[in-house]
Amino acid sequence: MLDLPDDDILYAALLARDPAWEGRALVGVTTTGIFCRLTCPARKPLARNCRWFASADAARAAGFRPCRRCHPLGATADGDPLVRDLLARLDERPDHRWSESDLLALGHDPSTVRRAFQRHFGQSFLDMARAARLRGAVASLTKGSPMIEAQLDAGFDSASGFRGAFARLFGHPPHRMRQGSDLRADWIDTPLGGMIAIADDQALHLLEFIDRKALPDGLRRLSAHVGGRVGLGRTPVHDLTETRLAAYFAGNAPLLQVPVRLHGTPFQHQVWQALQTIPAGQTRSYAQLAHAIGRPAATRAVARANATNRIALVVPCHRVIGADGTLTGYAGGLWRKERLIAIERGYA
């Protein structure tokens with residue numbers, strides 16, 4: 001990450017609770033011995049009582065303790081008690097058909113919940129709950145369960161509702177996913193949420209977080225590339241990907257060595273291959289990536305190619321940041337980008 005700017009810039013960001021500095025800077029308050037996010041809702045200290053740090057490790061090494069209000073050791077969403085509470089409840093009841101009435105019964109205003117989840121994850125809590133229910137349906141269909149059984153497992157009241165949700169995710173109705181195919185789609189759980197992995201017996205073709213808004217479009221494009229040969233199921237490449245991802249998140253595998261098949265233009269291939277050369281724990285700007293492939297004037301084209309990457313983490317587009325160090329442009333959500341970069345600092 002880039003060096004911290006002048007104290008005056010950081011103090012102004014602290015007073016404004018500027019979210020652009022999430023994951024880039026922390027403030028230690030000498031009068032309390034506590035360090036916080038710049039977005040912390042606590043009363044702001046005087047400028048002379050502030051010390052600035054690029055990481056939580058640096059703040060703790062200087063003798064500061066983490067704030068109990070903004071939780072600076074976790075991702076941005078971890079600092080929001082409402083979000084933490086509802087995510088815990090969703091983990092406990094992933095098959096429950098959550099509604100606004102449930103939120104009201106828990107004492108939450110649905111509009112407040114909606115804004116909080118949109119801010120942190122780019123989608124509502126109810127959207128996340130529907131994705132969790134659909135996950136159960138994918139698992140049932142992958143195991144060969146009858147359609148009605150998969151529908152009930154997913155918690156949908158009608159077959160049309162289930163087919164509609166499935167079609168929005170995959171781009172076509174569920175019955176087509178059970179026909180003969182060469183590529184297989186399955187679900188992989190990670191600490192940052194579920195992912196859809198599509199692979200054949202030789203390589204990984206797609207790996208995306210389930211809640212990414214562009215996932216259905218990505219699935220449709222892949223289907224077009226391979227002539228519609230995508231169905232539900234699992235291959236040895238799925239098992240390998242799941243094992244390597246677990247090691248990566250556990251801090252044991254900085255390089256996700258999974259064979260991949262890239263579907264795109266020659267220029268996109270060039271950008272995606274360059275992404276794979278960025279070591280874990282390091283970042284590059286779009287301009288630096290353009291220079292690395294010998295196309296210094298193609299910064300915008302590089303950014304577009306980065307955004308169209310369909311193999312998350314293995315092709316690490318999250319390691320590309322803004323020229324000023326801001327965590328911009330990650331389709332999987334800035335909160336994930338923040339968490340991934342924090343994980344990879346350990347590898348550095």
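Just so it is clear, none of the values below were taken in a lab; they were calculated from the coordinates. Given the structure is predicted, the values throughout are model-derived calculations rather than measurements. We place every Cβ from the backbone using ideal geometry, glycine too, and count neighbours over all the protein chains shown.
Given a Förster distance of 25 Å, report the FRET efficiency between Leu90 and Leu255 from their Cβ-Cβ distance, rounded to the nearest 0.05. Don't skip to the answer; put the middle values down first.
Numbers: r = 32 Å, r/R0 = 1.28.
About 0.20, to the nearest 0.05.
Spin-label point model (7 Å from Cα, Cβ direction): what's the Ser55 to Leu4 distance in nm?
1.4 nm
Can you give me the long-range amide H partners of Ile321? Hydrogens built in the peptide plane at 1.01 Å from N, cutoff under 5 Å, separation of 5 or more residues or another chain.
Under 5 Å from the amide H of Ile321: Arg284, Ser285, Tyr286.
Rounded to the nearest 0.05, what FRET efficiency do Ser160 and Val226 have when you use their Cβ-Cβ distance and R0 = 30 Å? Show your work: numbers first, answer last.
On the way: r = 28 Å, r/R0 = 0.94.
In this case the efficiency is close to 0.60.
Would you kindly derive the ³J(HN,Hα) couplings of segment 40-55 from the backbone phi angles with the Karplus curve 6.51 cos²θ - 1.76 cosθ + 1.60 (θ = phi - 60°), listing them in order in whole Hz, with x for Gly and Pro?
Karplus-based 3J(HN,Hα) across segment 40-55 equals 4, x, 5, 4, 7, x, 5, 4, 5, 9, 9, 10, 10, 9, 8, 8 Hz.
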